[in-house]
């Protein structure tokens, strides 16, 4: 008998910027969980192209305001602690290639040690997005490449504006 309990998962990422690959992972995760928290970490050690506020705004524009199954937040501290505090069932991690797996597996094991009740779920994006990353998209956009089919239109506009200044 199916449970009436709502399931929650956290999908963390820098989202600098959010890509079609990220949106594909979110779509897949919504088939498994009732609600997804898109968690953008506050990390002073990183120097992203876009500010935290700008990345949150770009992510929010990807979803209608009345879309109750998505929450977009900034988080600080250990992500697994945040997930446990929010009573999330899982942390979603995207895998593009075998090279991602080693790091992600180590991270999942550490998270499991810290919070046994939070699982890690690995999802692969659809084949058409498997080769993209925010870094590759930024590099292409920085050098004038057309990335319009790899990011939402509003994100593409932000990328063009950011690199027009350089």
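Computed from the coordinates by the stated procedures, all read-outs in this text should not be read as laboratory data. Keep in mind that what you see is a predicted model, and the values were worked out from it rather than measured. As a convention, Cβ positions derive from the backbone with ideal geometry for all residues, glycine included, and neighbour counts pool all protein chains shown.
Observations on the model:
- In this structure, residue 113 and residue 71 have a Cβ-Cβ separation that, at R0 = 22 Å, corresponds to a calculated FRET efficiency of about 0.25.
- Highest average packing first - 13-23, 45-55, Cβ atoms within 10 Å: 13-23, 45-55
- Between helix 98-114 and the chain: long-axis angle, C-alpha atoms, 0 to 90°, nearest 10: 40
- Three-way shape call for the range 8-130 based on the alpha-carbon gyration tensor, with the a/c threshold at 1.5: rounded
- A straight chain from residue 149 to residue 99 at 0.36 nm per residue would run longer than the Cα-Cα distance by 15.5 nm.
- For the chain, adding -39500 (n - 2.57) for each run of n ≥ 4 DSSP H residues and dividing by the number of residues yields -12000 deg cm²/dmol at 222 nm.
- If both residues of a DSSP beta bridge must be in the chain, then about 0% of such bridges are antiparallel.
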